[in-house]
1. Would you mind counting up the charge near residue 237? Only other residues with Cβ under 12 Å from its Cβ, with Lys and Arg at +1 and Asp and Glu at -1.
2. So, counting K/R as plus one and D/E as minus one, what does the shell of residues with Cβ under 12 Å around residue 95 add up to?
3. Rank these for me by crowding, 54, 107, going from fewest to most other beta carbons within 10 Å.
4. Quick check: convex hull over the Cα atoms of the chain, volume per residue in Å³, rounded to an integer?
5. Convex hull over the Cα atoms of the stretch 128-257, averaged projected area in nm²?
6. Just want the ordering: 110, 225, from fewest to most Cβ atoms lying within 10 Å of their own Cβ.
7. Rounded to whole Å and sorted largest first, what semi-axes of the equivalent ellipsoid does the C-alpha gyration tensor of the stretch 182-257 yield via the square root of 5 times each eigenvalue?
Amino acid sequence: MSNFEGMSETGSAPIASGLSQWQRVTNTFTAPSKTFEDIKRGNKSWWLPFVIFTLVGYMLFATVAFKIGIAQTADNQVRMDPKSEERMANATPEQREMGRKISIYITEGIFIAMPAFVLGGIALLSLGLWGTINFVFGGKAKYGSIFTVWMFAGLPGLIKPFLGMVVIFAGADPESFNIKNYAPTNLAALFLNPMETNKTLYALATSLDAVTIWTLVLLGMGTAIVAGVKRTSGYMAVFGWWAIFVLFGVGLAAIMG
C-alpha cells in the first residue's frame, strides 16, 4: 500500500475513516460523542435510524391493531376527553356513527403516515435548533448536521414503543389503553389516571419523561459538538426549546380543559 494512501491533501495527517451506520447507532447509546464527532466530520447519512423508527413504529401499530383494536383505541381517546364525550353524547345516532368513523380513520392515518410525520417534524425542529445554536450561541453548524444529530439523538425514543408492546402483551386493559401516553416512562403514565386528573397537571406530568430527558441530553451534546460551541450552549438551546413546548402544551391543556 502506498504511504500516501489515507493521507490528507496536505499530506500531514491521515484522514480518520468514518463510522459505519451501525457503529453510529450503537455508539449513540454507549459513546454518543463518537457518533456526533463523526457527523461533524461530514458523515451525515441518517437512513438507518429512520428505517429503525419506521419498523418499530409499524410493529407498535400492528400490536395495537391486533391486541387492542383501532376502533377501541379511538373510542378511548373520546372517552378520556370530557368535552369530546359530551359532544358525542349530544349528537344524533348518525352523527355519532360518522364521528366514530372519522376518529378511527384519523387514528389509522396517523399510524400509517408516521414516517412522514417523523421526517417533517424533525425537519422543522432542526430548523429552529439550527437557527438558535448559530445565531444565538455563535455556532457554526450546518442544517444537515443538526438534522442528522436529531435522527441519532432520537434513538432512545425506541424504548417507548417497545415498552408499550410489552405492556400490551402483558395484558393491558383495552378499555383503558391511552395511545397518547402508552409507555410507563413519565409521571403521568405511572401515577395518574387521565380521566380523573386535571388536564393541566396531566400534561405537565407527561412532559417529565425519562426517555425524553435522555434524548434532550444527547441532542444538546450533539448540537454543541457539530456547532463547535460549549456543551452548556447546546443544552441551553435544546432545553430552552423544550421548556417552550412544555409551557405551550400545558397552556393548551388548561384552555381545553
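1. The answer is +2.
2. Every neighbour counted, the sum reads +2.
3. 54, 107
4. Hull volume normalised by residue count: 148 Å³.
5. Values: hull surface 34.1 nm².
In nm², the orientation-averaged hull projection of the stretch 128-257 is 8.5.
6. Ascending number of Cβ neighbours within 10 Å: 110, 225.
7. Numbers: eigenvalues 167, 40, 8 Å².
Ellipsoid semi-axes (Å, largest first): 29, 14, 6.
Values in this text are rule-based calculations from the coordinates and carry no lab data. Small disclaimer: the values here were computed from a predicted structure and weren't measured. With ideal geometry, Cβ positions are generated from the backbone for all residues, glycine too; neighbour counts draw on all protein chains shown.
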